[in-house]
1. Taking segment 181-201, which residues are open to solvent by 80 Å² or more (accessible area, probe 1.4 Å) and either at pLDDT 75 or above or under 37 Å from the mean Cα position of the chain (by Cα) (or both)?
2. Here are some residues: 207, 254, 261. Which one is in a helix (DSSP H, G or I), within 45 Å of the chain's Cα centre (by Cα), farther than 17 Å from residue 195 by Cβ and touching a residue at least 24 places away in the same chain (Cβ under 8 Å)?
3. For segment 65-84, which residues satisfy the criterion of being touching a strand residue (DSSP E or B) at 6+ places or on another chain (Cβ under 9 Å) and not in a strand (DSSP E or B)?
4. Can you tell me how many residues in segment 44-83 are open to solvent by less than 50 Å² (accessible area, probe 1.4 Å), over 22 Å from residue 100 (Cα atoms) and not hydroxyl-bearing (Ser, Thr, Tyr)?
5. Hey, can you tell me all the residues within segment 232-251 that are of a type in the set (D, E, K, R), surrounded by 14 or more Cβ atoms within 10 Å (Cβ to Cβ) and either assigned to a helix (DSSP H, G or I) or at positive phi (or both)?
6. Any chance segment 236-247 includes a residue that's among the small types (Gly, Ala, Ser) and farther than 23 Å from residue 195 by Cβ?
Amino acid sequence: MKKIKSVLIIGLVILFQSLQAQTIELSGFISGDDDVENIHVLNKTSLTNATSNKDGEFTIKAKVNDTIIFTAVQYKTLVKVVNSDEITSKTLNVFLEILTNELDEVFLVEPLSGNLEDDILNSDAKPDINFYDVGIPGYKGKPKTQAERRLFEAGDLNVKDVLLGMLSGNIPLNPIMNAISGRTKKLKEIVKLENDDALLARLKNDLAADFFASNPLDEKHHADFFYFVQEDKDFRNVCSKSNLEALAFFKKKLDQYNKNLQEQD
């Protein structure tokens, strides 16, 4: 009788251990205070996974001591180690906690006065660091136009630089080729025209109304007159100095322009 009992006990132990080591399919159920559909269920031990349905139900294969991880955007991550009771019952029920996004500490500051100058002075905000702050060399002039950038890249033929390059064995071929092909000259003309157009646009904006009030000219000729002014070889040299000199130059050119109109008539 004792032998029978011993055999039964040993058999039960073996059966229990067998059940523990056996991978079975668990029927799981997820509950929570938010939507329980599409919760990702990962068996980290066996690297198998599942996804819950709209009722929070899922199935996944596991054995005792397998690690199951539950993740979702709206819930805190839950790590669950499968125990023997869950293997015996073939069920796995879990409850997920809502994930709350906590804001960083908020500091109240003085309200804005409405005066931009005062508010900027009272602000603790700091400007971004740039190359001036760290001592890195950088271009400090006005931004170059496309034509100016192309002229810079083409290089300007400098006889002194060419001679020094020949002596050092490092001849600057790019400026030489661009000078021979005429590309550098063409780019210089484009840059000059751009600069003249910008100067004329400023002068027209600043002076045109007062100038034509004192020096009448039919409005249909205004645009043509300004082109006539700009074509003069002394336009930039004179008109870039001051508005007074520009007005005197306009007056001189208007006399010539009216004379040309009379000759055409």
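The values are calculated or read from the model by the stated rules, or taken from the named source; none is laboratory data. As the structure is a prediction and not an experimental result, all values here were calculated from the model. In this analysis, Cβ positions are derived from the backbone assuming ideal geometry, glycine residues included, and neighbour counts consider all displayed protein chains. The protein model used for the area step is the full one, side chains on, heavy atoms only, and it has no ligands, DNA or RNA in it. Shrake-Rupley method; radii C 1.70, N 1.55, O 1.52, S 1.80 Å.
1. Within segment 181-201, the subset open to solvent by 80 Å² or more (accessible area, probe 1.4 Å) is 181, 183, 185-186, 188-189, 192-193.
Within segment 181-201, 183, 185, 186, 188, 189, 192, 193 qualify.
2. Working: 254 fails: within 45 Å of the chain's Cα centre (by Cα); 261 fails: within 45 Å of the chain's Cα centre (by Cα).
Going through 207, 254, 261 in turn, just one is in a helix (DSSP H, G or I), within 45 Å of the chain's Cα centre (by Cα), farther than 17 Å from residue 195 by Cβ and touching a residue at least 24 places away in the same chain (Cβ under 8 Å): 207.
3. Here is the first cut: in segment 65-84, the ones touching a strand residue (DSSP E or B) at 6+ places or on another chain (Cβ under 9 Å) are 65-72, 74-82.
65, 66, 74, 82, listed by residue number.
4. Summing the residues that are open to solvent by less than 50 Å² (accessible area, probe 1.4 Å), over 22 Å from residue 100 (Cα atoms) and not hydroxyl-bearing (Ser, Thr, Tyr) in segment 44-83 gives 8.
5. Just the residues of segment 232-251 that are of a type in the set (D, E, K, R), to begin with: 232-234, 236, 241, 245, 251.
Narrowing the set further to residues that are surrounded by 14 or more Cβ atoms within 10 Å (Cβ to Cβ) leaves 232, 236.
Listed by number, the list holds a single entry, 236.
6. Keep residues of segment 236-247 that are among the small types (Gly, Ala, Ser), which gives 240, 242, 246.
Checking which are farther than 23 Å from residue 195 by Cβ leaves us with none.
Checking segment 236-247: not a single residue is among the small types (Gly, Ala, Ser) and farther than 23 Å from residue 195 by Cβ.
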